[in-house]
Amino acid sequence: MTRIFSRSVLGAIIGCGALLASGTQAAVITDSFASTGPLVGKAPTTPQTSGDVWGYTSTLTHFTVNTAGTLTVDGSGARMATLPFTPATGNVYRLSADVQTLSGNWLALGYKTTGSASDGAPSSSGQGAAPWALLTPSGGVQAFGGAGTGSQFLNGYIAPGGGSIFHNIALELDTTGAQWKTTILVDGVVASAGAFTGTHTYATNPAITGIFIGNGAVHTVTQVNSAGSVKNLQLVVVPEPATLGLVGVAAAGALRRRRRRRTQKEG
């Protein structure tokens, strides 16, 4: 009896774990970058809408991909590669990628409002990046809620090992309330430093129309642009705690029902 019941418990636990795992991976957009040539004009592995392809604000060859699944940013200018995305209210989204910044100023990842289609870095307010985050070669991570460098909610955070190794940079966008919220995570942990909490609440919600990968330039007499790599782009819907709680309640109920049936049979 003990052995049979233990197997039932184990099965229910495994089933619950599967539900939780699948709930955290509701993919909206993914891109493995496992192709060759310029990124621009290519469809992601999973688009939000069939027919969506990567666009750009400048030259075709600035962003290139290879069969190893790496997007390379060549550092020839400060630019953005963009992909259409429209959020639905009532969801929590998490945009993430593994980012490595090798030289120059920084590589960036984020959401994009309509903004401008002209050449430029995400830090230019006309580009409409909001919210977005950057990683420097030294491992510095900064995050901004507004277009350009407005509404900064992270500064002074240093990712262990520096920017020359890959770090998972993620931006959560919570659209469940009247005022949307965004949170920055580095390697799976909410990042904060000093007075910067790593979270920003919007007074006016951004009109998001896409996501982007971009880089910035060091504005010196001899301008140095940023180069690096990006892998494993994902935009997923994250279940709210209440949803996870319901899954747990359902699993507990299943265990009780199995135990009751077992007891009745043995009786």
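Just so you know, all these numbers are worked out from the coordinates, no wet-lab data involved. Remember, predicted model here, so these are calculated numbers, not experimental data. Neighbour counts run over all protein chains shown; Cβ positions are idealised from the backbone, glycine included.
Protection proxy ranking, highest mean first, for peptides 228-237, 151-160, 124-133, 207-216: 124-133, 207-216, 228-237, 151-160, where packing is the per-residue count of other beta-carbon atoms within 10 Å, averaged. Shown for Val99, Val92: other C-beta atoms within 10 Å of each C-beta, ranked fewest to most, produce the order Val92, Val99.
I need the shape label for the stretch 26-115. Rule: rounded when a/c is under 1.5, else prolate if a/b > b/c, else oblate, with a, b, c from the alpha carbon gyration tensor. Here the stretch 26-115 falls in the prolate category. As a proxy for reagent exposure, ranking Glu172, Glu240 by other Cβ atoms within 10 Å from fewest up yields Glu240, Glu172.
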